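No lab work stands behind these numbers, since they all come straight from the coordinates. The shown structure was predicted, so the numbers you read here are calculated from the model rather than taken from an experiment. Because the Cβ atoms are built from the backbone with ideal geometry, glycine has one as well, and the counts that use them run over all protein chains shown.
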Amino acid sequence: MQQGFFERAYDVVRQIPEGRVASYGQVARMMGAPRCARQVGYAMHASPGVAGGVPCHRVVFRDGSLCRGFAFGGPGEQRRMLEAEGVRFLGDGRVDMARFSWEA
């Protein structure tokens, strides 16, 4: 069952266009599992990453905060990847969700 959930999460994340972000909760809602944002986080942590076709760096917390763990190759890597796609950040280090949130 878990693998099916993860694959569904990856399918949604693959739809996030370059230069846009989605929140973990938004991905969960789009999967039809609105109370499973944390599980989406687990899926992103276990994902094959960009090389595997899952742009998990485009998934952020609902307030625009970035993953604080070791994901994405270390601190700062998620931000670097997003900035390379044109995503801009607020002064406090959060993604400007008003401008860069993906509306499917």
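Identify the GluC sites (Glu not before Pro) of the chain meeting these criteria: DSSP loop state and at most 13 other C-beta atoms within 10 Å of the C-beta. Please report the intermediate quantities before stating the final value.
Details: sites: Glu7, Glu18, Glu77, Glu83, Glu85, Glu103; in loops: Glu18, Glu85, Glu103.
Listed in order of number, the matching sites are Glu18, Glu103.
So which chymotrypsin sites (Phe, Trp or Tyr not before Pro) in segment 19-104 are both in a DSSP loop and have at most 14 other Cβ atoms within 10 Å of their Cβ?
Numbers: sites: Tyr24, Tyr42, Phe61, Phe70, Phe72, Phe89, Phe100, Trp102; in loops: Phe61, Phe70, Trp102.
Listed in order of number, the matching sites are Phe70.
Longest span of the chain, sites excluded, free of trypsin sites (Lys or Arg not before Pro) in DSSP loop with at most 14 other C-beta atoms within 10 Å?
Numbers: sites that count: Arg14, Arg35, Arg62, Arg68, Arg88, Arg94.
That gives 36-61 as the longest site-free run.
Please report the relative contact order for the chain, taking Cα pairs under 8 Å with a sequence separation of at least 6, and give it as a percent rounded to a whole number. Can you show the working numbers first?
Values: 129 pairs, mean separation 30.4, N = 104.
Computed over the chain, the figure is 29 percent.
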